[in-house]
Each structure stands twice: as structure tokens, then as C-alpha cells.
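The values are calculated or read from the model by the stated rules, or taken from the named source; none is laboratory data. Computed from a prediction, not measured in an experiment: that's the story for all the values here. All Cβ positions, glycine included, derive from the backbone under ideal geometry; neighbour counts span all protein chains shown. When the accessible area is computed, the model is the full protein with side chains, heavy atoms only, and any ligands, DNA or RNA have been set aside. Shrake-Rupley method; radii C 1.70, N 1.55, O 1.52, S 1.80 Å.
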Amino acid sequence: MSTIAFIGLGNMGGGMAANLAKAGHIVRAFDLSNDALNGAVASGCIAAKSTLDAVDGADIVVTMLPAGQHVRSVYLGKDGIIAHVSPGVLLIDCSTIDIDSARSVIEAAEAKGLQMVDAPVSGGVAAAAAGTLTFMVGGTKSAYSKAQILLEKMGKNIFHAGAAGNGQAAKVCNNMLLGITMVGTCEAFALAEKLGLDAQTFYDISSTASGQSWSMTSYCPAPGPVLTAPSNRDYAAGFTAAMMLKDLRLAQDAASKAKSATPLGAQAEALYALMEASGNDGLDFSGIMKLIDGSL
Ligand code: NAD
């Protein structure tokens, strides 16, 4: 069994680190928040005093941090992980961050002879706790095969998306599509109601016709048809509108750099920015239904 340093024990990292400890690994955990660290200790991890203390003697480092700036700050520079770990240590960043940061951190790791992958996840807090996440991994084949063994302890579906940064590319493209289909699904349900169709009747028809999508059949934004969907609990998150906006902004940033036309992605970003501006971005992302149907 490996010794793993796990940095970032928030909503996602807490459950992921717990699953590694449950699988029998020694998990040396660190988070800036004492509450998060105490939660990890309660689920079998060992508290470290700092990031560098956590990585001391570890075979594998896993990070699950909010954004690109946090990932750059823990890996790069003279006090960063890359400067301190010995060759042979595998680095895995599971955070959702901008592609440029992911590629530059992996480049710095490789320049020191270390193997590193970007491995962002799909699936929320419940999937992190249950060990059923989907991982989209970017990096060399050799780094991917080493990471895969560990990622299988935290997830159900593990994909090699290609070279460094391609995990982040897959993640932002997927979530841009999710944001777009969610807004479209809200528009269809709001219009159906105004045209005299109730939500269940429209769902029964469209979910077996060509308008069907995951946003409709797994996460229906209109209350009623999908009992487990956040629409049936006043849009309590789930995956917040704020997180969707973060991912849509990353997608627009990537699209602008790649000179790729994403007019619907841009529109989805603008709509989720209205959720933020109106103070409603703590709702589940399917709560954009309220903006579309005018009930916000
Ligand atoms: P979170 O804010 O709950 O957790 C992040 C943790 O990182 C916090 O506990 C924070 O204290 C810690 N942290 C920040 N800087 C640190 C540092 N320098 N050293 C040590 N700890 C540090 O966020 P989360 O919901 O767990 O999300 C983590 C990542 O996963 C994000 O990139 C997010 O976009 C992505 N993600 C989240 C979800 C979700 O549903 N929550 C789903 C998919 C992907």
C-alpha cells in the first residue's frame, strides 16, 4: 500500500481522501481549514502540519483545490511540492482549473523528472463520498497507468483524455454542454407550461423523443418528473450555479485562446452570471429554471 499526501479536504477532497484511507493507504492529509482537516482525521487520515509536511515521504501526491491560482501556489516556486519531492513520486491534480495552469504545472514537474497528470472529476459530493466519480485524465501513457490504479479507489469511470491538460479540456467541454442543455431544457419546460402542457406530460413525451438529454432525464429542472432532482427540494444544491459559472468561464477562456466559436456557451455563461449578480448562485445550477420562467 502506498503513502499518499492529500492536499485540499473540502467538499470533494474530504470524501476522496476517506476512500483512499478506507482502501488501506496511509493518507497524510493537509488543508488550510482546521474543520476540513479534522473531518479527514475522523475518516482515517493522518493530519499533517503543512503541505510540505504531508508530501514528506509520500509516494503519491493528490491535490483537490478550488482554482488554478491555488494549484500553482502549492506546486510551483521554492516552497512548492515540485521543488521538494524526490524523483519517482507521482503527482495527481484533481482540481478543475484552467488548461494553461494545468499544462504549466505539469511541464514544471516533468522538467524535474517527475510524472504528473491532471485528473479533474465529474460527479458531485455524493459521488466523491461513494467513490463513484468519473476522472478525465491528461498526461503521458505511463503517468496515466500509474495514476489509474489509485483513481480506481475513488472513481468508477477513468478515462485517458490524452496529453497534459486534456483532462481539463474534456471537463470544460462537457460542462459547457451541460450548462447549455440545462438552459435549453428550462426554456422548453417553461414554454410547455405557458402553452398548456403540464411538466409530467411534456416530460413523458420529450424524454422518449429527440429533445431528451441528461439535463432532462436525470436532473429535470421542472419540479415533478424526476423525484431525485434538486427541483423537488427548492433547488438546494447539488452542483451550485456558482460552480457551473466557474466552469463556463473556464470554457470561454479556453475557447477565446483556441479561437473556437462558442456562442451558446457564451450565452449560458451570461445567464449564469445573472444568477450570480442576483445573489442566487448558491442554488443548484438547475435553479436557473427560476430565472427563465420569471419566478426569481
Ligand atoms: P472546497 O472549497 O469545498 O474545497 C477546497 C479545499 O481546499 C478547502 O477546504 C480549502 O481550505 C482548501 N485549500 C485551499 N487552498 C489550500 C492550500 N493552499 N493548501 C491546502 N488547502 C487549501 O471545494 P470542492 O467543492 O471540494 O471543489 C474542489 C475542486 O473540485 C474545485 O476545483 C471544483 O471546481 C471541483 N469540483 C467540485 C465539484 C462539487 O460538486 N463540489 C464537482 C466537480 C468538481
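Suppose the filter is more than 22 Å from residue 112 (Cα to Cα) and within 14 Å of the ligand (Cβ to nearest atom); does residue 77 pass it?
no
Can you give me the number of residues within region 1-40 that are near the ligand (Cβ under 6 Å from one of its atoms), touching a residue at least 40 places away in the same chain (Cβ under 8 Å) and assigned to a helix (DSSP H, G or I)?
Of the residues in that region, 1 qualify.
Got a sec? Which of 222, 261 is open to solvent by 40 Å² or more (accessible area, probe 1.4 Å), part of a loop (DSSP other than H, G, I, E, B) and out of contact with any Leu (no Cβ under 9 Å at 6 or more places or on another chain)?
After ruling out the rest, the residue left standing is 261.
So which residues in region 244-258 are surrounded by 15 or more Cβ atoms within 10 Å (Cβ to Cβ) and either in a loop (DSSP other than H, G, I, E, B) or away from the ligand (no atom under 16 Å from the Cβ) (or both)?
255
Identify the single condition in (1) open to solvent by 40 Å² or more (accessible area, probe 1.4 Å); (2) small (Gly, Ala, Ser); (3) assigned by TED's automatic domain parsing to the domain that holds residue 109 that residue 155 does not satisfy, given that it satisfies every other one.
Here residue 155 clears every test but (1).
Can you find, within region 108-122, the residue that is farthest from the chain's Cα centre (by Cα) among those that are under 22 Å from residue 159 (Cβ atoms) and more than 16 Å from the ligand (Cβ to nearest atom)?
Step by step, filter region 108-122, then rank; the result is 110.
Here are some conditions: (1) within 30 Å of residue 275 (Cα to Cα); (2) away from the ligand (no atom under 13 Å from the Cβ); (3) open to solvent by less than 30 Å² (accessible area, probe 1.4 Å). Residue 167 meets all but one. Which one does it not meet?
Unmet for residue 167, out of (1) within 30 Å of residue 275 (Cα to Cα); (2) away from the ligand (no atom under 13 Å from the Cβ); (3) open to solvent by less than 30 Å² (accessible area, probe 1.4 Å): (2).
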